[in-house]
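I have placed the structure first, in the form of structure tokens, so that the comments after it can refer back to it.
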Amino acid sequence: MTATRPTPPAPATLALRRVLASQAMLTAGTLLVVMALFTALFPGKFATLYNLQTLMVDYSGIVLLGVGLTFIMTSARFDLSVGAVLVFSCVLGTKAMGALGGADGGWGAVLIGLIVCLGTGLLAGLVNGFLIVKARVPSIIVTLGTLSVAQGAAYVLTGGVDLYAVPKVMLDHIGQGKVLGLPVPIVVAALAVAVGSFVLSQTRFGQYTCATGSNAEAARRAGINIDRVAITLYLISGAGAGLAGFMSLARYGSTTLAAHQNDNLTALLGVVLGGTSLFGGTGTVVGTAVGVFIPGVLSNGLVMMQVLPYWQYIIVGIVLIAVVYIDLVKRRGRTEGG
């Protein structure tokens, strides 16, 4: 009697299983569990529209940093400078708008501020990419140096004092404005995630980015211009930092020099939690957007628990080490299994 072979699952079923087993889904589940916990602890404070909307607005800038970092880390590189570039772009953007009227400036001043912020980020990305590609200096060293230079330059130009020359129209219509009932910072972050996700997963450049991170030498032999891809990636990361700087100005109305010291770490944690491998080859922008809000929700909940916010740094550091270790174990398992 011939044994009956089991019917293989349909392609749609296999795809659904892969999605449910993905790191992004695990991250989303973790976020929901943490939110459910704080909702149970503080039913009248945490799960309110005002609190959740404020949380999303506050972390929208981290999402912008995370989008660029996702591209960088998918290519098996690093960018530790994004937080400092954000601050430096704030300083130059504020000075430019201050020269055009400051608080009384119009939309022309706002446009110049946006151009200066984005230009600052793009210039930083170009410097990073050029040194990494042409000088062959490891990305972690180059961007660590850029971090120090950008941060130092921001303090030199301001004397360590925050600048407030931000047009009121920018605060009212961008920082506090709404589009279809949603705050503008949330809309900007959502658009960045949508565009970034499409580019990384659906375009040839996204395929080149993944190929570079998986095996740079094989990608080079396949005809991919590795150097051009790397410089473009750092331009994307720099642009994300510049845009985040502009949105920070619109949100807070000042350069907030001391408020972005941990943005690098928070964005990096969000990228890794979202399913992007530190070793390159795989990345998901949507996963990053979800992962960024885990430390955000933790911080928000700790404040409600009246726990010193400094504990957040300890928790974030422990979680980052744990996630990297798990990623390393998975990579070893795939290598040995292969």
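The values are calculated or read from the model by the stated rules, or taken from the named source; none is laboratory data. The structure displayed is predicted, hence computed values, not measured ones. Neighbour counts are summed over all protein chains in view; Cβ atoms, including those assigned to glycine, are modelled from backbone coordinates with ideal geometry. Each accessible area value is taken on the protein alone, full model and side chains, heavy atoms only, with ligands, DNA and RNA left out. Shrake-Rupley method; radii C 1.70, N 1.55, O 1.52, S 1.80 Å.
Six or more apart or on different chains, Cβ under 9 Å: which pairs go from a residue in region 90-118 that's over 12 Å from Leu249 (Cα atoms) and open to solvent by 50 Å² or more (accessible area, probe 1.4 Å) to one that's at pLDDT 95 or above and among the hydroxyl-bearing types (Ser, Thr, Tyr)? Could you list them?
Pairs found: Leu118/Ser89.
Considering only helices (runs of 4 or more DSSP H) fully contained in region 206-307, which possess at least 3 residues that are more than 22 Å from Met35 (Cα to Cα) and of a type in the set (Phe, Trp, Tyr)? Break it down stepwise before answering.
Numbers: elements: 216-221, 226-252, 263-273, 285-304.
Fully inside region 206-307 and qualifying: 226-252.
Test each condition in (1) without any contact (Cβ under 8 Å) to a residue 24 or more places away in the chain; (2) within 22 Å of Gly283 (Cα to Cα) for Asp79 and report the one that comes out false.
Condition not satisfied by Asp79: (1).
Among (1) touching a Gly at 6+ places or on another chain (Cβ under 9 Å); (2) within 15 Å of Met56 (Cα to Cα), there is one condition Asn264 misses while meeting the rest; what is its number?
If we test Asn264 against (1) touching a Gly at 6+ places or on another chain (Cβ under 9 Å); (2) within 15 Å of Met56 (Cα to Cα), just (2) comes out false.
What's the number of the condition Thr54 fails, among (1) in contact with a Ser or Thr (Cβ under 8 Å, 6 or more places away or on another chain); (2) polar (S, T, N, Q); (3) open to solvent by 10 Å² or more (accessible area, probe 1.4 Å)?
Exception for Thr54: condition (1).
Looking at region 225-282, which of the residues that are of a type in the set (D, E, K, R) and surrounded by 19 or more Cβ atoms within 10 Å (Cβ to Cβ) is modelled with the highest pLDDT? Steps first, answer last, please.
Step one: filter region 225-282 for residues of a type in the set (D, E, K, R), giving 227-228, 251, 263.
In the following step, the residues that additionally are surrounded by 19 or more Cβ atoms within 10 Å (Cβ to Cβ) were identified as 251, 263.
Numbers: Arg251: 92, Asp263: 87.
Selected residue: Arg251.
Looking at the structure I just gave you, is Val149 out of contact with any Cys (no Cβ under 6 Å at 6 or more places or on another chain) and closer than 30 Å to Gly280 by Cα? It would help to see each step written out before you state the result.
Values: out of contact with any Cys (no Cβ under 6 Å at 6 or more places or on another chain): yes; closer than 30 Å to Gly280 by Cα: yes.
Yes, satisfied.
Residue by residue, here is whether (1) of a type in the set (Asp, Glu); (2) within 19 Å of the chain's Cα centre (by Cα) holds:
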position	(1), (2)
Gly44	no, no
Thr54	no, yes
Asp58	yes, yes
Val63	no, yes
Leu69	no, yes
Ile72	no, yes
Leu86	no, yes
Gly93	no, no
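Please go through region 23-51 and pick out each residue that is of a type in the set (Val, Ile, Thr) and open to solvent by 30 Å² or more (accessible area, probe 1.4 Å).
First pass over region 23-51, keeping only residues of a type in the set (Val, Ile, Thr): 27, 30, 33-34, 39, 48.
Listed by number, the residues that qualify are Thr30, Val33, Thr39, Thr48.
This table checks each residue for (1) aromatic (Phe, Trp, Tyr); (2) open to solvent by less than 30 Å² (accessible area, probe 1.4 Å); (3) closer than 30 Å to Thr54 by Cβ.
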{"site": "Val179", "(1), (2), (3)": "no, no, yes"}
{"site": "Val195", "(1), (2), (3)": "no, no, yes"}
{"site": "Gly206", "(1), (2), (3)": "no, yes, no"}
{"site": "Ser214", "(1), (2), (3)": "no, no, no"}
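Which is outside any loop (DSSP other than H, G, I, E, B), of a type in the set (A, V, I, L, M, F, W, C) and within 19 Å of Val116 (Cα to Cα), of Val188, Val195?
Numbers: Val195 fails: within 19 Å of Val116 (Cα to Cα).
After ruling out the rest, the residue left standing is Val188.
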